[in-house]
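Reading through the structure tokens given below for one structure.
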Amino acid sequence: MSKVEPVEMKETSSTEDQNGDANHQAESRLNPILDRSRAELRLPADLVTEALRIAQLQRYRMKFNRAPENAEPPEGDIVERLQASGIIQSGPVADGADLDPIAFELLDVVNMASLMITIDLRFGAHSSAPTIWATPKLVVSSSSLDPDYVEFSGAEVGQLPQLLAQLAVLRSPQFVGQSPIAVNTKALVEAEGKRQTPEAAIEVLMAGGLELDQAKRVLAFQGDGVRRWRIRSSWSTDEGQKLAELRGLDAGVDGQWLLALTGSRDQNGQMNFTPQGHGELMKALRSVLPKHWVGTPLTQPAI
């Protein structure tokens, strides 16, 4: 451990102290962080695109033993910030300086992903969209609890179902409905417009064919305290790309339900709510995961 030298202290005014604290917090807020012990990388949002390109340049050098022709060098300010945090190892990037091995592996999976899963989450006025990137050998999830940052975490491929459940569902159902509920979309849209007067909304739903208890439950599904999620996955196969989608909601004491739309929401369609026990929900989540996929990247990042 290196010796810590004493620092001479000087008196400052309270205003100077406050300004210094604010400047220190602002500087710290912009710093990338690499946690090697947990294989986690936290990047300020303005660094993500260039950090991914630096990883792509490094992959090219590893494959061809030279830098790509006519490639623009990485932006100097971004390189300095990544070097200061130990994410880029010392030395000019143009001369072949590399990312830290863990940082490179995380970013390389994002660049080379042949399976991508996006999870759109909405809870009242709040929303987020974590993403899972995977090759046949490694998984990386990215999330952004703080809009100024993006966090990347590594996992094993065998952990995909649990990781997906953790990001999308959070908890086991508190209640399991007895039977599915199907409601006309025209009645559903009209009831949504009358949420402020529940009696009127329930009347609309019952006129659309629901029983009283079903109408009350569907109205509860439209409340601000319901957590809605939508999962979309795409992956590479020998025959091309495949797609899958799954939608659901967590209504707390009213249970967890899968959503499926038949026809058009704007026309005379039908919204189907299917109750889910824990085992059924995990089985449904696995339906958006491929049993097998190949390593062909879904996209080819530009260098």
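Here are the criteria: (1) exposed (fewer than 15 other Cβ atoms within 10 Å of the Cβ); (2) of a type outside the set (A, V, I, L, M); (3) in contact (Cβ under 8 Å) with a residue 12 or more places away in the chain. Tell me which single one W293 does not satisfy.
The failed condition is (1).
Of the residues that make up the stretch 20-29, is at least one at pLDDT 85 or above and under 22 Å from S143 (Cα atoms)?
Scanning the stretch 20-29, I find no residue that is at pLDDT 85 or above and under 22 Å from S143 (Cα atoms), so the answer is no.
Quick one: in the stretch 104-149, which of the residues that are of a type in the set (V, I, T) and closer than 22 Å to D35 by Cα is surrounded by the fewest Cβ atoms within 10 Å (Cβ to Cβ)?
The selected residue is T131.
Identify the single condition in (1) free of Cβ contacts under 8 Å to residues at least 60 places away in the same chain; (2) farther than 21 Å from R122 by Cβ that Q166 does not satisfy, given that it satisfies every other one.
With respect to (1) free of Cβ contacts under 8 Å to residues at least 60 places away in the same chain; (2) farther than 21 Å from R122 by Cβ, Q166 is out only on (2).
Is at least one residue of the stretch 180-189 free of Cβ contacts under 8 Å to residues at least 60 places away in the same chain and either out of contact with any Phe, Trp or Tyr (no Cβ under 9 Å at 6 or more places or on another chain) or not hydroxyl-bearing (S, T, Y) (or both)?
Within the stretch 180-189, one or more residues are free of Cβ contacts under 8 Å to residues at least 60 places away in the same chain and either out of contact with any Phe, Trp or Tyr (no Cβ under 9 Å at 6 or more places or on another chain) or not hydroxyl-bearing (S, T, Y) (or both).
Could you give me the residue pairs with C-beta distances under 6 Å whose first residue belongs to the stretch 266-289 and is within 12 Å of L164 (Cβ to Cβ), whose second residue is hydroxyl-bearing (S, T, Y) and not in a helix (DSSP H, G or I) wherever it lies, and which are 6+ apart or on separate chains?
Pairs that qualify, where the first residue is within 12 Å of L164 (Cβ to Cβ) and the partner is hydroxyl-bearing (S, T, Y) and not in a helix (DSSP H, G or I), are V288/S233.
Listed here are the residues, each with its yes/no results for (1) modelled with pLDDT of 90 or more; (2) not β-branched (V, I, T).
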{"residue": "M9", "(1), (2)": "no, yes"}
{"residue": "Q18", "(1), (2)": "no, yes"}
{"residue": "D35", "(1), (2)": "yes, yes"}
{"residue": "V48", "(1), (2)": "yes, no"}
{"residue": "A51", "(1), (2)": "yes, yes"}
{"residue": "P68", "(1), (2)": "no, yes"}
{"residue": "V79", "(1), (2)": "no, no"}
{"residue": "I87", "(1), (2)": "yes, no"}
{"residue": "G96", "(1), (2)": "no, yes"}
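Report, by residue number, each residue of the stretch 55-67 that is surrounded by 11 or more Cβ atoms within 10 Å (Cβ to Cβ) and either within 31 Å of the chain's Cα centre (by Cα) or not assigned by TED's automatic domain parsing to the domain that holds L41 (or both).
Across the stretch 55-67, the qualifying residues are A55, Q56, L57, Q58, R59, Y60, R61, M62.
Is it the case, given these coordinates, that D77 is under 21 Å from Y149 (Cα atoms), free of Cβ contacts under 8 Å to residues at least 40 places away in the same chain and not polar (S, T, N, Q)?
When the stated conditions are applied, D77 passes them.
Quick one: count up the residues across the stretch 269-303 that are within 19 Å of R217 (Cβ to Cβ) and in a loop (DSSP other than H, G, I, E, B).
So the count comes out to 1.
Is it fair to say V140 is assigned to a strand (DSSP E or B) and touching a Gly at 6+ places or on another chain (Cβ under 6 Å)?
Here the answer is yes, as V140 does meet what is asked.
For the stretch 43-66, enumerate the residues that are part of a helix (DSSP H, G or I), touching a residue at least 40 places away in the same chain (Cβ under 8 Å) and closer than 17 Å to S144 by Cα.
A45, V48, A51, L52
Quick one: F123 ticks every box in (1) of a type outside the set (G, A, S); (2) more than 17 Å from I231 (Cα to Cα); (3) at pLDDT below 95 except a single one, so which number is it?
(2)
Is there any pair with a first residue in the stretch 224-253 that is within 17 Å of G277 (Cα to Cα) and a second that is of a type in the set (V, I, T) and crowded, with 16+ Cβ neighbours inside 10 Å whose Cβ atoms are under 6 Å apart and which are 6 or more apart or on different chains, and what are they?
L246/I231; L246/V288; L249/V226; A251/V226
The values are calculated or read from the model by the stated rules, or taken from the named source; none is laboratory data. Treat the numbers as computed from the prediction; the structure is a model and nothing was measured. Note that we place each Cβ from the backbone using ideal geometry, even for glycine, and neighbour counts take in every protein chain shown.
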